[in-house]
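The values are calculated or read from the model by the stated rules, or taken from the named source; none is laboratory data. Quantities reported herein were computed from a predicted structural model and do not represent experimental measurements. Neighbour counts are summed over all protein chains in view; Cβ atoms, including those assigned to glycine, are modelled from backbone coordinates with ideal geometry. Just so you know, the surface numbers come from the protein's heavy atoms only, side chains and all, with ligands and any DNA or RNA stripped out. Shrake-Rupley method; radii C 1.70, N 1.55, O 1.52, S 1.80 Å.
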Amino acid sequence: MFVLLDAKRAGVLGRQHWLSNIVAGVIVGIVALPLAMAFAIASGVKPEQGLYTAIVAGIAVSLFGGSRVQVAGPTGAFIVILAGIVAQHGVDGLQIATLMAGVILLLFGVARMGAVIKFIPAPVIVGFTAGIGVIIWVGQWKDFFGLPAVSGGHFHEKLWSLLHVLPQFDWATTLLALVSLLLVIFTPRIPRLARVPGPLAALIVATAIQALFNFESVATIGSTFGEIPRGLPSFQWPDITLTRMVELIGPAFAIAMLGAIESLLSAVVADSMMGTRHNSNQELVGQGLANILAPLFGGIAATGAIARTATNIRNGGNSPIAGVVHALTLVLVLLFLAPLAASIPLATLAAILFMVAWNMSDLRHVVRMIKRAPRADVVILLVTFCLTVFADLVVAVNIGVVLAMLHFMRRMAESVVVRQQDNGILQRELAHEGIAELPPGVLVYAVEGPFFFAAVDTFQKALADTHTDPKVVLIRLGHVPFMDATGLQALEEVVFNLQRRGIQVMLAEANDRVYAKLRKMGLIDKLGTQNVTRSLAEALARL
């Protein structure tokens, strides 16, 4: 329980902090209420399953996570993946995939993969997040405008179908949705209502209007899903078979990777607001436990929610107490207010998701990055965005990361320099050793930078420029931080070709790491220990 120990060390579990954390927890619970139901419905499951997720995951992450102010639950980022899993494998398939994702996240945490996941490039994250925002926005047109159901497996097909039926919009539904959207946007900007969450204001006002006028054409939670059950969820073990597990391994990894990225991003945001430092690996353990437990109690996938975590901090939350209180607030809602949810218009939940989609897309940040970022990063962002929208989120992230890696390797390869050093360059080092000049017939090459597979071509071209046959070629490795197998193999080939021409090859200044790899590769034995030295001075002395 890292968070409890961290909170205890920081002294925020004392009674003087209880009130502020309880108030923050209640406020976050109220904010989470409409969001949890909206995310659940958009993901293709019942609204109460979103509440179950927020309760179970909220408690698990608050007690076992890596950030003491993290608030977890269903999020908008999951909608695209979860809706696809439900459409293909059903709700039971989603719960099995979520359970498997929880195990994967738990293993990530135990294997200390938290720091590695942070290395996913910013253009990839911005690209797929903006793409998810666009998909959520278009996906809510049906409920926002009261449109008939449309078909289409791909985004462009669904968009085209929605545009065709858009003239059939329902006036009452659309007006109620617009009122809800205005309340979501402007309620926090009214001075006297600044502390009232916009989604809550929209939920109360729109539900009251629908309960009062009872518009027959307006779809509600009650008319679509029936009444939300009053009470806590029961334990249910899903029907797991080896065949289902094999079918769902891909979706499970997608949930795990996206959950890891979102939760660690949320923890970083919390750190910047609080001046704290989270434990990445423990955060993955907490998220893993949350996603193992949530489907066992009727829930769906969960991760750290950036907006709810920020709300928690802004309202005085500074310990795990706030996260637990947020979950208990939702428990009280389920026990005492569940029947009232039947009158909540789906148009209001769609309006809330419109705002979520806008915030996720973060258009200003996207435009700023497109204007100011290097061209290659802009290309990676746009490719990831387009693939997220028109193909598949998992494909988009994979290709985005691969493109970013290839770009990074190209830049790293360009940074590797192999240069010949003559008497002029080595003058100071030679003078320090009391040597006037290099012995005749000796060529010195210095390799600067990581000697990995992408840099092999640079090395081979530089050595190939040795048209004359010197007596000795001395290769300095003092500025080589590491070598991979391809680099070692290239070095071995160069040594072999030079030796075949009767040229003596010497290696100097390799660090311990590189030296160990040279020995393991057998290159030191082939050269002879007399031809591998730890310093330039030693090499020159032997020559």
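Near residue 526, which lysines are there with a Cα under 18 Å away, not counting those fewer than 8 places off in the same chain? Leaving aside lysines fewer than 8 places away in the same chain, those within reach of residue 526 are 471, 517.
A simple spin-label model places pseudo-atoms 7 Å from Cα toward Cβ; at residue 164 and residue 119 they are separated by 4.8 nm. If you roll a 1.4 Å probe over the range 417-532 with all protein chains in place, what percent of the accessible area is carbon or sulfur? Roughly 51 percent, rounded to a whole number.
The accessible surface of the range 131-248, taken with every protein chain in place and a 1.4 Å probe, is 65 percent carbon and sulfur. The rule of thumb for compact globular proteins, 2.2 N^0.38 Å, goes into the C-alpha radius of gyration of the range 313-356 1.52 times.
Straight-line cross-link reach from residue 118 at under 24 Å between alpha-carbon atoms covers no lysines, not counting any fewer than eight positions away in the same chain. Averaging Cα coordinates gives a centre for the range 146-177 and one for the range 201-278; these two points are 23 Å apart.
For the range 282-353 and the range 499-514, what is the separation of their Cα centres, given in Å? Distance between centres, Cα-based: 62 Å. Compactness of the chain is given as radius of gyration and Dmax, 30.2, 100 Å, from Cα positions.
In the chain, helices alone account for a calculated mean residue ellipticity at 222 nm of -21000 deg cm²/dmol, with every DSSP H run of four or more residues adding -39,500 (n - 2.57). Applying both filters, DSSP loop and at most 14 other Cβ atoms within 10 Å, to the chymotrypsin sites (Phe, Trp or Tyr not before Pro) of the range 459-543 gives 482. Summary value for the range 80-222: 16 percent relative contact order, contacts being C-alpha pairs under 8 angstrom separated by 6+ residues.
Taken about its Cα centre, the chain carries a charge dipole of roughly 1080 debye when the Cβ of each Lys and Arg holds +1 and the Cβ of each Asp and Glu holds -1.
Taking 0.36 nm per residue of separation and subtracting the current Cα-Cα distance, fully stretching the chain between residue 398 and residue 211 would add 62.6 nm.
Only lysines eight or more places from residue 46 in sequence, or on another chain, were considered; those with a Cα closer than 21 Å are 142.
Taking every DSSP beta bridge that has both residues in the chain, what percent is antiparallel when rounded to the nearest 5? Percentage antiparallel, nearest 5: 35.
Here the label points at residue 277 and residue 448, each 7 Å from Cα along the C-beta direction, are separated by 3.3 nm in the simple model. When you filter the chymotrypsin sites (Phe, Trp or Tyr not before Pro) in the range 84-149 for DSSP loop state and at most 12 other Cβ atoms inside 10 Å of their Cβ, you are left with 119. Contact order for the range 160-274, expressed relative to its length and based on alpha carbon pairs under 8 Å spaced 6+ residues apart, stands at 18 percent.
Angle of helix 198-213 to the longest C-alpha principal axis of the chain, folded into 0 to 90 degrees and rounded to 10: 30°. Whole Å is fine, so just give me how far the alpha carbon centre of the range 1-65 lies from that of the range 71-106. A separation of 19 Å, based on Cα centres. Panel note: the C-alpha atoms of the range 408-543, placed on their principal axes, show extents of 41, 31, 30 Å (largest first). With protein chains left intact and a 1.4 Å probe, residues in the chain average 46 Å² of accessible area per residue. Helix 346-361 and the longest principal axis of the Cα set of the chain meet at an angle near 20°. Output the 0 to 90 degree angle, nearest 10, between the alpha-carbon long axis of helix 171-186 and the longest principal axis computed from the alpha carbons of the chain. Helix 171-186 and the main axis of the chain meet at about 60 degrees.
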